[in-house]
1. Can you compute 3J(HN,Hα) from phi for each residue in region A:56-63, using the Karplus curve 6.51 cos²θ - 1.76 cosθ + 1.60 with θ = phi - 60°, rounded to whole Hz and x for Gly and Pro?
2. What does the structure give for B:182-195 when I average, per residue, the other chain Cβ atoms found within 10 Å of the residue Cβ?
3. Rg and Dmax of region B:137-191, using alpha carbons, in Å: what are they?
4. Output the peptides B:146-156, B:178-188 sorted from most to least packed, where packing is the average of other Cβ atoms within 10 Å over each peptide's residues.
5. Near the amide H of A:M158, under 5 Å away, which other amide H atoms are found, from residues 5 or more places off or on another chain, if H is placed in the peptide plane?
6. Quick one: Karplus J couplings for region B:79-91, per residue in order, coefficients 6.51, -1.76, 1.60, θ = phi - 60°, nearest Hz, x for Gly and Pro?
7. State the volume of the convex hull built on the alpha-carbon positions of region B:67-211, expressed per residue in Å³ and rounded to an integer.
8. From the backbone phi of region B:187-197, what are the Karplus-calculated ³J(HN,Hα) couplings (6.51 cos²θ - 1.76 cosθ + 1.60, θ = phi - 60°) in whole Hz, Gly and Pro given as x?
Number of protein chains: 2
Amino acid sequence: MSPPAGALPPDSTARRDREGPSTADRILDAALVSFGSRGYEATSLDSLAEGLGMRKQSILYWFPSKEALLEALIDRSAAELAQALQGALDRAGDGWARVEAVVRSVFRVAAQRPELLGLLREVGRLGPPAATRLTLVLEPLVARASAFLESEMESGHMRRHDPRLLLLAIYSTVVGMVTEVEVLRALGEEPTARSLVRRRQEILRLLRSALVLERGEGQPATRSADPRDSWDQE
Amino acid sequence: MSPPAGALPPDSTARRDREGPSTADRILDAALVSFGSRGYEATSLDSLAEGLGMRKQSILYWFPSKEALLEALIDRSAAELAQALQGALDRAGDGWARVEAVVRSVFRVAAQRPELLGLLREVGRLGPPAATRLTLVLEPLVARASAFLESEMESGHMRRHDPRLLLLAIYSTVVGMVTEVEVLRALGEEPTARSLVRRRQEILRLLRSALVLERGEGQPATRSADPRDSWDQE
DNA sequence: GGAACCACCTACCAGATGGTAGACGAGGCG
DNA sequence: CGCCTCGTCTACCATCTGGTAGGTGGTTCC
């Protein structure tokens, strides 16, 4: 492994042969959890190191500074997120099924790595130095999504909206439904795995009735009654 | 003015006779801006004081600790928010008009005091000690909103949803559309006042088509074409 | 005039923060 | 063996953090 320079070597994400994840990856994992839930500023290198059973200086050996750690984390997380979305998109069908596939993949991420979406928010809040880095990686996906929505509207399958604002609305809703634990709690809903499934169902129904133009437009738009409403064994 | 105890005297929000806002209010204003945009942990009392042209100790004179300042700020902000929403609700009509009134009032707040919604998010992220305080004040409004949505669904004016999850979705969307400046920028939309109006229009159309059950359910659900699409002169 | 109070100040402090310098042991390799 | 690199450590450090102690000038009230 090569500690120098903020940019990690290409195999930094890979598992080492027979032994668990590399030190750099373990640090990134811990940083993801802490940055994504408690926040960047509220996380000290000392507390991070303590949770890892090492000294702060070891973290600074792998990542020359706290900011460099954040950048590396953003890079890795953006790649992971992009991959999840890409995969879902490549396997998805057409029209509404594509939207559904994306939403499902985001919820799958939320179930497996809840902090990843938290980090997304955090980075958005931290602004330019960090945010632009994230944007750079996710931009192609945004463009793809935007183009897709536009074509769906053009062909009359979806209601007309400003594609970018629609995208922002979908983003906000989905990420909010997943990350706003406190609001959830205030609403008397416990943030359990079961609740997450219900939230996904709800948001899909909501989006569907908001977006999809049924041919007759008169259908009752009932709940999907889709039996495969769990991602556990997808 | 009475500095002792975290609870400010009842006139702390009021303007003093002929001279600007009270010192305590000026501090709260600065705290709102900084907490709401940069975040609570990332804001130091020193930087806050510097922006106010005073010493940190003067802040600690009015608010015994940083946490007490946050609590006082939450109380004031919650009251302000609750008042805005209450007012909008009391003046609003029935059915969809009520939803529209609430959304409009939130956007009005966003235009006049952008950081207030940022603080809302921040408090949600900070969790229990602070979040419960906010919840306490806003809870009656949530109950009112929830009951309203439920009755609308009962009477067949709105699509059936879990009222609380629907509320969370609406909250996330509206607050996200207002506070996610970085995402906005990533989407190529500059966070101007004009853009804010467009976002409000878009979200209202979106919500309307998602929620409202037209009698025939077949109407084109066109854009509202409502001429009073600016809040500048209500 | 003087006591009391008010709003703000200077002078500190203990602890935490991100970061540097340098040593140490383990292992690879000529 | 001797040398070097790697990963981690101990020992510091300057700076900043929230917070305490104790003043100081001005106004109010008796």
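Every number here is computed from the coordinates shown, using simple stated rules; none is lab data. Computed from a predicted model, the values in this text were never measured in an experiment. All Cβ positions, even for glycine, are placed from backbone atoms using ideal geometry, and neighbour counts span all protein chains on display.
1. For region A:56-63, the Karplus-derived couplings read 3, 5, 5, 4, 6, 6, 7, 10 Hz, x marking Gly and Pro.
2. Taking the mean over all residues of the peptide, I get 5.
3. Spelled out, the Cα radius of gyration and Dmax of region B:137-191 are 14.8, 41 Å.
4. B:178-188, B:146-156
5. A:M153, A:L213
6. Each residue's phi maps through the Karplus curve to give 4, 4, 5, 4, 4, 4, 5, 3, x, 4, 5, 5, 8 Hz.
7. Considering the Cα atoms of region B:67-211, their hull volume per residue is 113 Å³.
8. After applying 6.51 cos²θ - 1.76 cosθ + 1.60, I find 8, x, 10, 6, x, 9, 5, 4, 4, 4, 5 Hz.
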